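A.B. asks: One structure follows; several queries about it will come next.
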Amino acid sequence: TNFVLGNAQIVDWPIVYSNDGFCKLSGYHRAEVMQKSSTCSFMFGELTDKETIEKVQQTFENYEINSFEILMYKKNRTPVWFFVKIAPIRNEQDKVVLFLCTFSDITAFKQPIEDESSKGWGKFARLTRALTSSRGVLQQLAPTVHKGESVHKHSRLAEVLQLGSEILPQYKQEAPKTPPHIILHYCTFKTSWDWIILILTFYTAIMVPYNVSFKTKQNNVTWLVVDSIVDVIFLVDIVLNFHTTFVGPAGEVISDPKLIRMNYLKTWFVIDLLSCLPYDVINAFENVDENWNHHAVTKGISSLFSSLKVVRLLRLGRVARKLDHYIEYGAAVLVLLVCVFGLAAHWLACIWYSIGDYEVIDEELNKIRTDSWLYQLGETVGMPYHFNSSGSEKWEGGPSKDSVYIASLYFTMTSLTSIGFGNIAPTTDGEKIFAVAMMMIGSLLYATIFGNVTTIFQQMYANSNRYHEMLNCVRDFLKLYQVPKGLSERVMDYIVSTWSMSKGIDTEKVLEICPKDMRADICVHLNRKVFKEHPAFRLASDGCLRALAIEFQTTHSAPGDLIYHAGESVDNLCFVVSGSLEVIQDDEVVAILGKGDVFGDVFWKENTLAQSCVNVRALTYCDLHVIKRDALQKVLEFYTAFANSFSRNLILTYNLRKRNLVKLCYTLRQKIDR
């Protein structure tokens, strides 16, 4: 809908609001339309019918509902047929306070307009021109989509996978030129590959201690193949690391192959190489048995290589390389601490079982310890140890590996959390020594994790606590000084709304931390909407914009707040970024301001400080960007070229210095004429 609102109580029924549709349809900016007559006489022209103009005038004077088909002119003087509806709006006292005027373009349904450019055309040609012109207007009103536009966007996948900050580092803005065989360390492929390596690292951290302790893969071909594939992937990763860029100490991307190789050899190469040696393949020769002596030697070597598989835990060093990405996020730190606690419990459970399995059977005396927790577990689950007298003449049987692992993990968890139910307890010297060490480790982990958890939750609720503390202070203040209820509600509403928009962040405090150049850049960003929407700033140089941005201040207003009182000095120029405001003169609404509007005074044209003739009140929550009169004049005096452009192009939607004549004066004039 394309419409304007006019005040019925002011002389010539000035427009107090025009929507974007009307501005696009007429070609006028809102600031050019405001305070002009609702009859839209500024759009009349030589082809506008005189009788229709008279009828429009009478409709307004008699407060009637009426509609007309009238030829009017857009700002570029293009004639357009409009179907205009005029309707008076009454208040509770049945008094007409506003006029609503709606406009519809009906040029396509009217006889083609005869003007100089169409003289000599045939009737069909003129009709075609009118229809084409109407479609052009409709296309202008519709949102435009440029198919040819191609906007450069960074890979969001790589940014998410790297848990990067909100803005990519400077070196990622433009990809450096690298040799064909060199991979950028922040590209999507390398980031995805790093996450695959990270997952396999956690797999190694879990499976290696379990397999070494429980000896689950000595004769299992499936696990041997899986581990061999993992080793191959880690070998491929070593090769890729020799061809991957890295960030130098000065923040630049190093893509020289020689420097990349030297850097990798000096840092992570040895650890990566030791962690991916095929220990399982070497250990597969354990079953080679030519004679007893040779078997003993082979068994010793295989046991050595089984122990060397623990070296794979060095792959956890890869996690350390990623930790700097996680530390910024409280939730990530919490998950990381829980994973560390679970991983520590898993490792200790594997060690606890290894000690028990080593000590449950005395191989020298070929006897079993009945006080061992493994022996008691076997009796409990119905899978006891038994002596094979007819065969190997050794103790066999015992609980299953699943039951043993669950029992071991249960014991380590209860010990680490300082609970310890006592149903599984150390009995041998080795088990007691390990239990003491585990309790010391557990107390350290317990204190570290819960201390960090407390800190994380305090940080999460720090803003909330500060907010409630501030509200309590304000309530105490209002109660102490007996502030009226209505004003108290406005104060509380303003504080709550301001906090919700600013999230409790003190913008001035943040800007004070930054150096002058950075502060100017931030201010330009904060005021970017003002600079983009208003043509007065388009010719401003970069230095001029930065000088203006530093002087701008952002204010938030709640519904009902008075930004200006009648009689108050007008020393600010205000730009409406969001929300709606009303301009009131003598209890009459003379203008409604919205996003993109400007109000104040033309300081650059006036020598004296103006007094506001109206009240400006917020109708909704509003964001205003305000610049002081002295600060603006100082910038305009220094940047003279911009001052001329600013003076020509900035149009005030409402000038607070000017006063409108009320309807009473118009009524008296009518009586005098009679």
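The values are calculated or read from the model by the stated rules, or taken from the named source; none is laboratory data. Just so it is clear, the structure is predicted and the values come from calculations on it, not from any experiment. Backbone-built Cβ (ideal geometry, glycine too); neighbour counts: all protein chains shown. Side chains included, ligands, DNA and RNA excluded: accessible areas come from the protein's heavy atoms. Shrake-Rupley method; radii C 1.70, N 1.55, O 1.52, S 1.80 Å.
A.B. asks: Residue-wise, which Karplus ³J(HN,Hα) couplings in Hz belong to the range 180-194, taking 6.51 cos²θ - 1.76 cosθ + 1.60, θ = phi - 60°, and x for glycine or proline?
C.D. replies: x, 8, 9, 9, 6, 5, 10, 6, 4, 4, 5, 5, 5, 5, 4
A.B. asks: Next up: Would you check the accessible area of His525, probe 1.4 Å, heavy atoms only, in square angstrom rounded to 10?
C.D. replies: Accessible area, nearest 10 Å²: 110 Å².
A.B. asks: HN-Hα J couplings of the range 581-596 from phi, Karplus 6.51/-1.76/1.60, θ = phi - 60°, integer Hz, Gly and Pro as x?
C.D. replies: 9, 10, 9, 10, 10, 6, 6, 10, 7, 9, 6, 10, 9, x, 4, x
A.B. asks: Shifting gears a bit: Probe of 1.4 angstrom, ligands and nucleic acids ignored: what's the accessible area per residue over the range 507-663, in square angstrom?
C.D. replies: That works out to 49 Å² per residue.
A.B. asks: Suppose a student asked you for the relative contact order of the range 1-111, using Cα pairs under 8 Å spaced at least 6 residues apart; what percent would you report? Mind showing how you got there, number by number?
C.D. replies: On the way: 216 pairs, mean separation 30.5, N = 111.
Relative contact order comes out at 27 percent.
A.B. asks: What residues qualify as long-range amide H neighbours of Leu619, i.e. H under 5 Å apart, gap of 5 or more or another chain, H built at 1.01 Å from N?
C.D. replies: Gly560, Ser580, Leu581, Glu582
A.B. asks: Ignoring ligands, DNA and RNA, what percent of the 1.4 Å accessible area of the range 329-461 is carbon and sulfur?
C.D. replies: Percent of accessible area from carbon and sulfur atoms in the range 329-461: 63.
A.B. asks: Now, a different point. Taking only protein heavy atoms into account and a 1.4 Å probe, give the accessible area per residue of the range 1-111 in Å². Each step should come with its number before you reach the end.
C.D. replies: Values: 5100 Å² over 111 residues.
I get 46 Å² per residue for the range 1-111.
A.B. asks: Throw me the Rg/Rh for the range 329-461, computed over C-alpha atoms with Kirkwood Rh, two decimals.
C.D. replies: Rg/Rh for the range 329-461 comes to 1.12.
A.B. asks: Separate question: Past 30 Å, Cα to Cα, is the threshold; run Lys485/Lys658; Lys74/Lys532; Lys529/Lys628; Lys509/Lys595; Lys74/Lys634 against it and keep the listed order.
C.D. replies: Violating the 30 Å Cα-Cα cut-off are Lys485/Lys658; Lys74/Lys634.
A.B. asks: Please get the size of the charge dipole for the range 1-111, origin at its Cα centre, with Cβ charges of +1 on Lys and Arg and -1 on Asp and Glu, quoted in debye to the nearest 20.
C.D. replies: Working: 12 positive and 13 negative charges, 74 e Å.
So the magnitude is around 360 debye.
A.B. asks: Could the peptides 35-44, 529-538, 485-494, 86-95 be put in order, highest first, of the mean number of other beta-carbon atoms found within 10 Å of their residues?
C.D. replies: On the way: 35-44: 19.5, 529-538: 15.9, 485-494: 13.7, 86-95: 12.0.
Top of the packing list down: 35-44, 529-538, 485-494, 86-95.
A.B. asks: I need to check one value: relative contact order of the range 329-461, counting alpha carbon pairs closer than 8 Å and at least 6 residues apart, in percent. Let's see the in-between values first.
C.D. replies: Details: 125 pairs, mean separation 34.8, N = 133.
Taking the mean separation of contacting Cα pairs over the length of the range 329-461, I get 26 percent.
A.B. asks: Considering only protein heavy atoms, what per residue accessible area in square angstrom results for the range 408-454 with a 1.4 angstrom probe?
C.D. replies: Value returned for the range 408-454: 55 Å² of accessible area per residue.
A.B. asks: Out of residues 5 or more away from Tyr564 or on other chains, whose amide H comes under 5 Å of its own, with H placed 1.01 Å from N in the peptide plane?
C.D. replies: Hits under the 5 Å cutoff: Val616.
A.B. asks: Amide H neighbours of Ile368 under 5 Å, counting only residues 5+ apart in sequence or on other chains, H built in-plane at 1.01 Å?
C.D. replies: Placed amide hydrogens put Asp362 under 5 Å from Ile368.
A.B. asks: Using the Karplus curve 6.51 cos²θ - 1.76 cosθ + 1.60 with θ = phi - 60°, what ³J(HN,Hα) values do you get for each residue of the range 642-650, in whole Hz, with x for Gly and Pro?
C.D. replies: Listing the rounded values in order: 5, 4, 5, 5, 4, 5, 6, 9, 7 Hz.
A.B. asks: Which whole-number percent gives the relative contact order of the range 507-663, counting Cα pairs below 8 Å spaced six or more residues apart?
C.D. replies: The value is 30 percent.
A.B. asks: I'd like the carbon and sulfur percentage of the solvent accessible area for the range 507-663, probe radius 1.4 Å, heavy atoms only, ligands and nucleic acids excluded.
C.D. replies: The C+S portion of the solvent-accessible surface of the range 507-663 is 51 percent.
A.B. asks: Ranking request for peptides 473-481, 229-237: highest mean number of other beta-carbon atoms within 10 Å first, then the rest in descending order. It would help to have the intermediate numbers written out before the result.
C.D. replies: Numbers: 473-481: 11.7, 229-237: 16.1.
The most tightly packed comes first, giving 229-237, 473-481.
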